[in-house]
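The structure appears right after this line, and notes come after that.
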Amino acid sequence: VQLQASGGGLVQAGGSLTLSCKVSGSTFSALTFSWSRQAPGKQRAFVPDITSRNMENYEDSVKGRFTISRDNAKNTVYLQMRSLKPEDTGIYYCNTVAGLLKNSWGQGTQVTVSS
């Protein structure tokens with residue numbers, strides 16, 4: 001499975017961004033996908049995930065602000081981020097469950113939220 005995250009950038013606090021994760025080399029519709037982020041000087045941490053049945057799970061600090069979604073026709077996973085805060089700054093990665101278990105990560109996308 002190959003995953004390519006994109007859509008990051010610099011945004012002011014309170015702003016919005018939508019990240020995309022293009023997936024290839026897999027049966028996309030059968031997989032659970034997650035987004036994680038690595039803040040400067042911190043370990044990578046879970047943000048949300050979405051199952052093959054579109055069940056979503058969010059880390060507490062992003063509930064109500066972030067929305068994960070998937071488009072099986074486009075083999076793409078999205079992360080809509082609203083009301084962004086400086087503490088949302090980091091490199092965002094998408095991954096599969098298998099990738100998480102193997103600690104195998106693709107290229108992430110940088111999100112910087114200025115205060």
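Quick notes on this one:
- Relative contact order for the chain, counting Cα pairs under 8 Å that sit 6 or more residues apart, in percent: 37 percent
- Note on Lys22: lysines with a C-alpha under 22 Å away, same-chain residues under 8 apart excluded, are Lys74, Lys102.
- For Arg65, neighbours were defined as the other residues whose beta-carbon sits under 9 Å from its Cβ, and their charges (Lys and Arg +1, Asp and Glu -1) total +2.
- Histogrammed with a bin width of 5 Å, the alpha carbon distances of region 1-72 distribute as 3, 13, 22, 27, 21, 9, 4, 0 percent, first bin at zero.
- Under Karplus coefficients 6.51, -1.76 and 1.60, residue-wise ³J(HN,Hα) of region 59-74 in Hz, glycine/proline x: 5, 4, 6, 10, 4, x, 10, 10, 9, 9, 8, 9, 10, 5, 6, 9
- Candidate lysines - alpha carbon under 21 Å from Lys63, same-chain residues fewer than 8 apart omitted: Lys42, Lys85
- Residues of region 20-115: accessible area per residue with a 1.4 Å probe, Å²: 53 Å²
- For Asn57, the amide hydrogen comes within under 5 Å of the amide hydrogens of Asp49, counting only partners 5 or more places away or on other chains and with H modelled in the peptide plane.
- For region 81-91, the Karplus equation 6.51 cos²θ - 1.76 cosθ + 1.60, evaluated at θ = phi - 60°, returns couplings of 10, 10, 6, 5, 10, x, 6, 7, 4, x, 9 Hz by residue, with Gly and Pro reported as x.
- Whole-number D in µm²/s for region 29-115 (Stokes-Einstein; Kirkwood sum over Cα pairs; 20 °C, 1.002 mPa s): 160 µm²/s
The values are calculated or read from the model by the stated rules, or taken from the named source; none is laboratory data. Please read all numbers here as calculations on a predicted model, not as lab measurements. Neighbour counts run over all protein chains shown; Cβ positions are idealised from the backbone, glycine included. Surface areas here come from the heavy atoms of the whole protein model, side chains and all, with no ligands, DNA or RNA. Shrake-Rupley method; radii C 1.70, N 1.55, O 1.52, S 1.80 Å.
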